[in-house]
Amino acid sequence: MKPLTSVAEISISYSAKIPVKERIQITTSASAFDVLKDCFNKNTIEFQEQFIVLYLNRNNHILGFYRHSTGSAVGTVVDVKHIYGIALKANASSILLAHNHPSGNLKPSETDIRITTKISDAGKLLDLKLLDHIIITHSGYFSFLDEGHIG
């Protein structure tokens with residue numbers, strides 16, 4: 001048997017820099033949009049698709065956000081394991097997904113619907129709720145929750 005020194009140690013840390021009383025609470029898709037529009041780079045929102053996740057506590061106060069991927073004008077890669085790995089690390093109770101459509105079209109694609117369902121199903125196994133998935137453009141947003149795609 002090899003000694004323990006030949007095994008890499010995994011270190012996990014999370015440091016909230018904003019006091020609990022100052023954290024923004026998400027109560028509606030509009031309040032989520034108000035926060036999320038500042039997370040996207042306004043210079044590239046019509047150029048490259050980005051996938052961003054808000055991580056929230058039990059009271060829907062934002063713990064933080066993470067830009068998971070940046071792609072091309074037509075799509076970006078979404079890694080479900082990565083999303084939930086960060087959620088577990090931050091001790092989040094729920095997540096809120098967002099991505100932009102560089103085309104300006106607010107209608108979700110079949111791929112958008114499939115990945116939303118996949119992420120929601122994975123969260124149920126981990127007791128981490130998917131609050132919403134919001135598509136953002138310069139002209140507005142589309143909420144999967146508001147439109148009945150998340151139950």
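Some observations on this one:
- For the chain, the tally of Lys pairs with Cα-Cα distances below 14 Å comes to 4, considering only residues 8 or more apart or on different chains.
- Rounded if a/c under 1.5, otherwise prolate or oblate - the range 1-114, Cα gyration tensor axes: oblate
- Net charge over other residues, Cβ less than 15 angstrom from the Cβ of Tyr66 (K, R count +1; D, E count -1): +2
- Å² per residue, accessible surface of the range 1-110 at 1.4 Å: 63
- Overall, the accessible surface of the chain at a probe of 1.4 angstrom is composed of carbon and sulfur to the extent of 54 percent.
- Calculated from the alpha-carbon coordinates, the range 68-151 shows an Rg and a Dmax of 12.7, 35 Å respectively.
- 12 Å beta-carbon shell around Ala32, net charge (K/R +1, D/E -1): -3
- Across every direction, the projection of the convex hull enclosing the Cα atoms of the range 66-108 has a mean area of 3.4 nm².
- For the chain, the relative contact order is 22 percent, taking Cα pairs closer than 8 Å that sit 6 or more residues apart in sequence and dividing their mean separation by the residue count.
The values are calculated or read from the model by the stated rules, or taken from the named source; none is laboratory data. Note that the coordinates shown come from a computational prediction; the quantities given were computed from them, not determined experimentally. Don't worry about glycine lacking a Cβ; one is built from the backbone with ideal geometry, like all the others, and counts go over all protein chains shown. Heavy atoms of the whole protein, side chains included, go into the accessibility calculation; ligands, DNA and RNA do not. Shrake-Rupley method; radii C 1.70, N 1.55, O 1.52, S 1.80 Å.
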